[in-house]
Structure formats: C-alpha cells, structure tokens
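Notes follow once the structure below has been shown.
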Amino acid sequence: MPILAKWYDFRDLGNAIGALQDQILDWGAPDWVPYVVSGIIGVVGILLWLLVSQIIFIWIERRVIGLMHNRIGPNRVGPMGLLQGVADAIKLLLKEAITPRATDTILFWAAPIAIFIPAMVVFAVIPFGEGMVLSDLDVGVLFFVAIGSINTIAVFAAGWSSNNKFALIGAMRQIAMLISYELVQVFAILGVVIMVGSMRMVDFVEWQSGNDVWMFAIQPLALVAFIIAGLVEVNRSPADISEAESELIAGFHTEYSGIKFGFFYAAEYFATFALCGVIVTLFMGGWTLWGLEEWVPGFLIFLTKLYAVFFIFIWARGTLPRLRIDQLMAFSWKFLLELMFVNILVVGLETLIWREGGYDAATVLPIFAAINWVLAIGLAIFWARMLGHGTASSAGKRATLTQELGAIYYEGAGTPGA
Amino acid sequence: MEDTGTVVAFWALAIITIGSAFMVAAVRNLIHAVVFLVLSFLGVAGLYITLSADFVGVVQILIYSGAIAILVIFAIVLTPQAGRDNAETSMRLPAVVLSGLVATMLGYASIDTNWSISDRPGFEETASAIGVALLDKYILPFEIAAALMLVAMLGAIIIVRDEGTEGAAED
Amino acid sequence: MTLKSEPYVINVGPQHPSTHGVFRLRLTMDGEKIIDAEMIIGYLHRSMEKLAEERTYTQNIPFTDRTDYLAAMTGNLAYVMAVEKMMEIDVPERADWLRTIMAELQRFASHCMAVGTFANDCGTWQTPVMHMIRDREKILDLFEMACGARLTTNYMRIGGVSRDIPPEFLPALAVLLKDLPKRVKEYEDLLLNNEIIIARSRGIAKLTPEEAIAYSLSGPMLRGSGVAWDLRKADPYAAYDKVEFDIAVGTNGDAYDRFAVRMAEMLQSLRILEQCADMITEGPIHARMSTSTVQPVGDPVAPLVIRPPEGEAYARIESPRGELGFYIVSDGGIAPYRFHIRAPSFINLTPLKKMTVGATIADAVVVLGSVDIVVGEVDR
Amino acid sequence: MTRLLAGQDIAHQIEQKYPEAVVDAQPEFAMVKADKLIDVCTFLRDGDLDFKFLNSLTAVDRLDAFEIVYHMTSISLNQMGSIKISTSEREKPVFPSVTSVWPGAHLQEREAYDLMGIVFEGHPDLRRIFLWEGFAGWPLRKDYLNMPGHMAGLERFPGEPGKKLEGRGNVDA
C-alpha cells in the first residue's frame, strides 16, 4: 500500500521500526532484542506525546474556559501564556511535598504512583494509526475497563492514608461513583462489541471504515452513556463530586502537595486522553476518515478527533453545574442502567437478524441506525417521565409577580429534587 | 513457552505473587494487607497472560483487583470493632510449621509428577472460545450461577431495606 | 443489624471557598447526613455600634457603607432616613429621585453577586458569576461617575445627597437599561430552567410562610416563602410611591424559589430605573437645614454638626437582603447615644440549623447560597 | 403607608387584657412591666393587633437603667408598633426571653447578651455570639473600659459653643 516503503515514509511508522529491526538483526543481536527495542520506542513515543499534549492542553483548557467566562485566561507566562503548562510543572516540582504527621506513610507515598500507572498503561491498547498500537490484544476494550477499575483502589489509598476528614469523604464518594458507573460503561461497550463481533480495538476501526459508517450514528445511546460514565470515571465536571470545591476542598488529594499533587493532576489528564482515545476508536472511526488516511498519516486524523472530543469535556466543565452524589447514583442505577439493558437487547436482536439473515451491510445498517435513534430518544424521554423528571412540579418556574401587599402565595407543592 | 522472555516474566511474576501473598499474612496494618492482596491478584493476572490466556487475565484484573478488593476494603472500613492491625495471636508458631508442611508437600507433588504437555496448539481467539463453551456446553451451570447471584443480590437489598425503611422511605 | 457509626465534626469555614466571607459552620455529620449545624460568627465583628457612639452623625455615614459592603447605597439611605425622621427634615424631590435610582442600581448589582454565587454553589464553574460580575462592573462605573467610589459609596447625606450626578450619567444609564434586560432574560433561560440546578435546589430548606414570619425573615427569604411583603410597597420611601413595579413572590419557599425571586427582582429594578430616568426633576439636592443646628462658617446648606432633638427613631428600607433598619437614640448630643443596625443577613440566619439538619454538605452549601449573607452585615 | 401605632393606642389595647401591665405610654412606645412581658407579647401577636413579625430587638444602656426595645409589624394590617421594658438592676439585668413568642428573637437576644450583658431567662441557647467565651466585660455598656470620670460619647464638638450636658464631660478645649 505505501508507495515508498522506505524508512523515511513516515505515513506508516511501521516502516521506520521495521528498518531498525532488520538493522539490529544484521548486527547479530539475539532474536528478542528488536522486540524489546521497538517496545521501548513505542512507550517513549506515547510518553512524549502525552506529556507534550498535557502541557498544551493545560493552556488550551484554561484559555477556553476563560473565553467562556469572557475573560482572557493565562497570558503571563511565555508568549500568549503558552508556557503555562511548563510553569505549572516546574512549580509543582519545586514545591515541597509535605507529608502530614499522622498519615499512613507507605500508603500516602504509594497512592499517587498507584493512580499514575493505570492512566499510562491504558495507552498500550489504543490504536493511534495503521499498525500503530503498542500491544494488539484481542481483548483490547476489556483491558481498558479492567485498568480503569484499578484506580478505585488507588483513590481509596489516597483518601484513607491522608487522615483528613474531607479526603475520606471524597474517597468514599469516588469509590461509590466509580463502581456504579463502571457497570454503565461496560454495558455501553457491550452494545458496540456485539455489533462488531470482536473486542480487538483495530477490529472496531476496520469495521467502521469497512462499512463506511461511524458507530455513534448507529448506536447513539451507547455513545451518550459511555461519555457520561467516562466523565464520572475521570472525575471531571459535571461529575467532579469527590473534589467538589464548594464542598470538600479538594477531595481525596487535599493533603497532597508538590509533585505528588502533580501526579494526581497529570493522571486526571492522561485518563481523559485515554477516554477520548477509546471514544474515538469505538464510536468515531479511529484513524480512518472515509479514505483520507491514504494520504494523511492515520495518527494525525486520530489525534484531531481525540482533541475534538476533549474539547467537549472542557465545554461541559465550563457550563454544567454539579450533581449531588445521591442524584448521580440515582441517575446511574435508576436511569442509565435500564437504558443500557434495553440497548443491548435491541442491538443483540439486530445483530442476530443481520448475521442469520445474511443481509449485506449497506441495506441493513441504515435501518438499524433509524431504529436505534428513535429508540434512544423515545426511551430516554419515556423513562425520564416515568421517574418524574419532566413533570410540571420539577420544571423551572419564574417567581409570580403581584401588586397585592401581604398576600400569601405559598403552595408547598414542590417535591424534593428527584 | 520456552523462549527467554516468558520464562523471565514467569519468574518475576511468581516472586511478586508469592511475596505479596506472604506479606498479606506478615504485615501489621490491615489496610496494607489488603493492598498487598491486590498486588498478588495482579501477579496472578500476569501469570495468566504469560500462559497466553489473555481473556482470563484481564477478567482477573477486572473482577478481583477491581471489585473484590473494594468489597474487602469496605468490609474492613465498615466493621467498627476491627482493630486496624493484624491481631496478635499466640498461634504464630504452629501456623508457620503447618504452612511449611503444606508448602513442601505441594512443592514435591508439583515437581515430581511429569506433566504431559498437550500437543494441541494454543487458542488464538481465547475470548470467543470461552464464550462458545459457556453458552452451549456449560449453559446449565451458567444459568444456575446467574440465578444464584440474583438471589444473593435480592437478599442483600432486603436485609438493608427493612432495617432502613423508616429512614430511607420518606426523605 | 444496625451499623454503629459515630458522628464526626466538620468545620466548613471560616476560610472556605463557598461561605461568602469569614463565616464558620460547624457540622456534626453522620456519614453524608448532617445531624447538627452550629454557626460560629464574629470573625468580622468591628463593633460598629460602639464606634458610632464616638462620632458625630455625619461622621457615621461611612460606617453604613462597610456593614453591607455589597449594597453600600442602601446602607447609607437607611441611616440617613432614620436621622431625617428624627429631625423631621423633608428631602427635596430631586434628591428623592437620585436616592431611588442609586438604591435600585445597588439592588441589581447586589443581586448579580447573589444569583451568581448561588449558581456557583450549585456547582457551575464560575461561568454565570463571571458574566454577572461584568454587568455589575457597568453599574459600579455609574457609581464612580456619580460619587467617585465604586464599593463604599458614602453618597447620601442627612437631608439629601452629597453631589449631583454629572450630565453624562443619565445617557450612560439609558444605554445600560437597553441591554441589561436582555442579559437578565438570558440568565433566566440558562439558569432557571437548568435541570441540574433545579435538581440541586428544588425542595431544599423549605420554609412555610408562618415559619418565615415567625423567624422574622425579610427580603427574598420572606418573599420566597410566598409572603408578598416588600417595604418599598408597604412603606414607600424616597420616590417609590411615584413608580410602578411588582413584588416578586415564590410559591414553594425553597432555595430554588429564593433564587427565582432574586432573578425576578432584578427585572423589576430595571423597570423602576427606566421610570426614574425619565421622571427625574431638576432642583436642589439638599434640604435647607433649620437654624437650630450649629451653622459652620461658609456653606449654609450642609451644616458641619447636626444635633437632633432628644428622642429615638427607627427607620427601615428594603435592602437587597431584606429589611435593613436603623434604631437611633439621641440625647441632644452631637453623637448618637445608641446606634443599632437591624441587619437582615444576621436575622435571616436564624433558621439555618432548621434548614440544614437532615441534608448533606452539598445541600448546606446551597442553603447558605440561597440565604445570601454578607458577613460584614452579619457581624457588624 | 405603614400606620405607626402611637404608644398610647397600644397601651390602651393592652390595658383591656392586662390592666396593671402598662407602666408608661409615650407617642413612640409603650413601657410594659418586665414580668408581664410574655403575656403581653403573646396577646399582641395573637390579638387583633396581629403583630406577628418582630422587626428588631435592641438593648439600650440608659446609665441608670437597661431598656429592651421591641419593634413589631403586622403584615396583614400593615401597622407598626413598639414596646419597651426596663430594669434599674445594673450588675446582672435579667429579662424574660420572647423566643417562645417570636423565634426570630433568638439571635438578637444572644447579641444583646453578648454585647450588653443582659440575661434572658428561658432562652434555649444563651451564649456569646460574636465574642469568644472567655471575653471579660460587656463592650456596648456605657461604662465599659472608661477613663475614670469620663463617660463615653461625644457631647460637644471641641470648641463648639452651646450648652453642655451635665455628667457628660469630654475632652474640653
């Protein structure tokens, strides 16, 4: 496929690595050395990209939120404030990492690392481009969910060991949220896996480019649920409950300072990048864009899509207020999970009909898309009405205006927030 | 299984698993014990992956270190009487002797028997193989397990429910 | 199988992002539920009532800016009206109009802060409050144009106002009155119908009208519980009897309704300002003081030392937070014998314990946001 | 307009129910006996005067006596009135607490206790509200931390001609 299969054809990084491996073998190294070398190059590549994009995204996020607040955002450090990320990193490095006296030192020291590692390991599975996935597990998506579930322990260790009431409440809230939204996340992915028929990340991309359709067009409900569950998992507003500034100072990482806090801060960004990566791979066609990947290197398309999804998270953070912890839990157990069950049932039936009936994709996919869109919207409204959301008593109401002095307008009908 | 990478990985993971399992019993602080337990779960998951049973390995991470560890943590945190350290027992010596005996017996048994290496090639697609096996060959145990878990969940809700009805009901 | 859980105490404040100043709330928690709430105040207590006894009536005017620093104009107006009531001075009409304009501008600016910080407490990342602070800046510019100060205005005098508004004030006000209503409608659509804010504040800290009156709440707290009681209508002062406006009333007495009442009052303030802008008359801005007071050399209009007759007076106005009253006792001296401030924020906090017990920390923050306290006025 | 009820009208109403409760009736207020306060206030609240809203409760130190001034409003009738109670006890003035009649007085009575040292019997939680527990003295009293022979308050502007109040010396030119 690549015309110039030379090592400098960077459209497919595989060439460079392939040329390097042959070179090493010519030097007569044992057979496992090129395997290790390409692994290291892959890891270093991802690490560099992560650090650079995190530093840039600190600036982009604060600028975009600044524009939403019609103020300027960081512009002091470097030209147009571009070095803000670097300044933050240096500041965190130089600050003294205080360990409060009565903490459980081993856990206190281990928690930031325990949060940082899963956020990095997840990138092994995400396919950046053609042949550019660090380890092509055929249980790729499940690996992403499993690693996501490890940082629950790390959050608990952080909250428990810093011996601070606020941290403990934050940690307990975080664990409760993570567990209930992990279910929703797994079911959202299940819908997609059923339709694609495999859990390999590269298969998702090939399925979507093969049928020339993006998965979110066929399964909107799964995308919405996955984004909401993702928001909760990476603890970003409107679900940043455990570090809700207005209530608990900074949730489970109240007691951390210096580079330990830097790890928490970086881990949140890396987890969000990973989440955006998985969203793009599962729902938005990974590195393919209707044939554009022939000319433009796949990973550039993938990264632009990833940054676009990240922008949606920033947008949500800038505008939406925060839910209370019990409302968030009720939303997951009473609303999202039921929608996911129905979604899996419908997708399962559709795939069964498609596989058994032997129809080809072009005729059957538009029908499925129509069914799923109508189902998503209808089901959401119906179920919300069932739970009493859309009814009159909980609608927004302006204050009544009156001229009559001393009159009583109290109805007392308002039901507490559902 | 013989190339150097997996052997090195095997021995590294074995040491991690056994070491953290031993630390679970030896360490004083209960929460540290749980963290070491999680470490040993991850070690076992690594061992599965060296045996190229990747689906089981990943599910091991998801289920054991993701859910069951949290269960254990909540159990520890919510039981008020549980002191935060491994209780000091006078049975320390007999425990060591007994575990030593069991360890040597198992070690001898595993080294002495000559395991027959099956010649069938390893599965590439482990996930679908397990899925197929679960849903046609072992469909009955699969359904029974599902029913059992459902009953257990309902039981848990009922225990909490009637105890908290007056509190939870109206507000 | 009851789980034995011992309650623990959490200090929300005095240094805390959402307590609107140095206000400390000590909560005894059982898990997520609050079982006891106690407010500890006094961190900003400057004992103004003692200081005022050592200064002449005119020297006390700057104190009234600093009790409720978010609504300085209404603070001046209340004190000045109390002294005028004692000395039976009637204020010229232009001064009345100026006082009404300044009071309504101050109400709009203060409600901007109140509504913005309430949305903040519900969790929005400072976005609404930033937009509202931008509108508040425009009003502070008007204040600066009128009396040179943005926050502690010190604009009113006993018998009138300190200086007339410059010629470019009214055109600037007209420009402002053209685009502010659009802004407030935008906030209403964005915040009033926002499901998450409704979920967070509907049904929180409900107070029936009888409870609200018994706890002597006033302002948006009282009107939020459905009692249509507004001092601008009940006891019209300055030029309020010459302008048309409505009283905004809530129907469920919860945090959401107080928030909705404040939003509606912002629109009513703009309506009053439009009428004042075109009905304002020319004329003197300060009453001619009777000779019984000590006349300084030079300016016969504003006497340096005012000596009210012996007696007492209680005057009250509708400040953005509620009924702001001044009870002044005079013994014929040049300084007030007793200077008592009836602070609406302080008294609106009476049912705080009843409102927060049983809720969670997140609700306690929303309740505090809906009460809209200014700690300078709470502690005096 | 809010109708200001004269002290005499209020006194007249009170006398019908409690004949000997009224001590003095001035245009601005009606002075009531301290020990009859609770009955009078409950009557004022529930009677046809309908004073359900307590505006403010203020303690005044009249050198020879302590006064508590209650301002009340009737929202339904748009009327306002005020009553006073007084005691000459200087060391430990004690008054009955009206929190049972108007819960709104809770914080205001604690403030009066904290700044003026007036004890309110029957108050559910009488503690200092602004100052810390160990604070000595009551700041708002006229004789608080006074220089001997000098009473607080500006009586005459230095160099100002005009009459000088007895017993109220201040820094004289």
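The values are calculated or read from the model by the stated rules, or taken from the named source; none is laboratory data. The shown structure was predicted, so the numbers you read here are calculated from the model rather than taken from an experiment. Neighbour counts are summed over all protein chains in view; Cβ atoms, including those assigned to glycine, are modelled from backbone coordinates with ideal geometry.
Here is how the numbers come out for the structure above:
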item	result
Within region C:51-147, helices (runs of 4 or more DSSP H) holding 2 or more residues that are closer than 30 Å to C:ASN194 by Cβ, touching a residue at least 12 places away in the same chain (Cβ under 8 Å) and within 14 Å of chain A (Cβ to nearest Cβ)	C:93-121, C:127-147
Failed condition for A:PHE368, given (1) surrounded by 18 or more Cβ atoms within 10 Å (Cβ to Cβ); (2) more than 26 Å from C:THR251 (Cβ to Cβ); (3) within 14 Å of chain C (Cβ to nearest Cβ)	(3)
Enumerated helices (runs of 4 or more DSSP H) restricted to region A:244-358, each holding at least 3 residues that are crowded, with 22+ Cβ neighbours inside 10 Å	A:259-283, A:298-319, A:337-357
Single residue of C:LEU190, C:LEU222 found to be more than 8 Å from every other protein chain (Cβ to nearest Cβ), at negative phi, part of a helix (DSSP H, G or I) and surrounded by fewer than 22 Cβ atoms within 10 Å (Cβ to Cβ)	C:LEU190
Filter result for D:LEU49 (away from chain C (no Cβ under 14 Å), surrounded by fewer than 21 Cβ atoms within 10 Å (Cβ to Cβ) and touching a residue at least 12 places away in the same chain (Cβ under 8 Å))	yes
One residue from A:ILE90, A:ILE147, A:ILE115, A:ILE153 being at pLDDT 85 or above, more than 12 Å from every other protein chain (Cβ to nearest Cβ) and closer than 22 Å to B:ILE63 by Cα	A:ILE115
Enumeration of residues in region A:147-178 that are small (Gly, Ala, Ser) and surrounded by fewer than 23 Cβ atoms within 10 Å (Cβ to Cβ)	A:ALA176
Residues within region C:157-187 that are of a type in the set (A, V, I, L, M, F, W, C) and either in a strand (DSSP E or B) or at pLDDT below 90 (or both), tallied	2
Selection count, region B:5-31, where residues are crowded, with 16+ Cβ neighbours inside 10 Å and within 23 Å of A:PRO30 (Cβ to Cβ)	1
Selected residue (criterion: farthest from the other protein chains (Cβ to nearest Cβ)) from residues of region A:196-205 that are in a helix (DSSP H, G or I) and surrounded by 22 or more Cβ atoms within 10 Å (Cβ to Cβ)	A:VAL205
When residues of region D:113-127 are limited to those that are part of a loop (DSSP other than H, G, I, E, B) and within 15 Å of the chain's Cα centre (by Cα), the one surrounded by the most Cβ atoms within 10 Å (Cβ to Cβ)	D:ILE118
Among residues of region C:8-42, those that are under 20 Å from the mean Cα position of the chain (by Cα) and under 30 Å from D:THR58 (Cβ atoms), counted	7
Test: residue in region A:333-342 that is closer than 28 Å to A:MET68 by Cβ, within 14 Å of another protein chain (Cβ to nearest Cβ) and touching a helix residue (DSSP H, G or I) at 6+ places or on another chain (Cβ under 7 Å)	yes
Qualifying positions in region C:248-264 - within 17 Å of the chain's Cα centre (by Cα), in a helix (DSSP H, G or I) and at the interface with chain A (Cβ under 8 Å from one of its Cβ atoms)	C:ALA260, C:VAL261, C:MET263, C:ALA264
Selection count, region C:200-219, where residues are without any contact (Cβ under 8 Å) to a residue 40 or more places away in the chain and either surrounded by fewer than 23 Cβ atoms within 10 Å (Cβ to Cβ) or on the phi > 0 side of the Ramachandran plot (or both)	2
Members of region C:96-135 that are of a type outside the set (A, V, I, L, M, F, W, C), more than 22 Å from C:ASP257 (Cα to Cα) and surrounded by 19 or more Cβ atoms within 10 Å (Cβ to Cβ)	C:ASP96, C:ARG99, C:THR100, C:ASP135
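Results for (1) more than 23 Å from the chain's Cα centre (by Cα); (2) basic (Lys, Arg); (3) within 30 Å of C:THR100 (Cβ to Cβ), shown as yes or no for each residue.
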residue: C:SER319; (1), (2), (3): no, no, yes
residue: C:ILE328; (1), (2), (3): no, no, yes
residue: C:ASP331; (1), (2), (3): yes, no, no
residue: C:ALA335; (1), (2), (3): yes, no, yes
residue: C:PRO344; (1), (2), (3): no, no, yes
residue: C:ILE347; (1), (2), (3): no, no, yes
residue: C:ASP363; (1), (2), (3): yes, no, no
residue: C:LEU368; (1), (2), (3): no, no, no
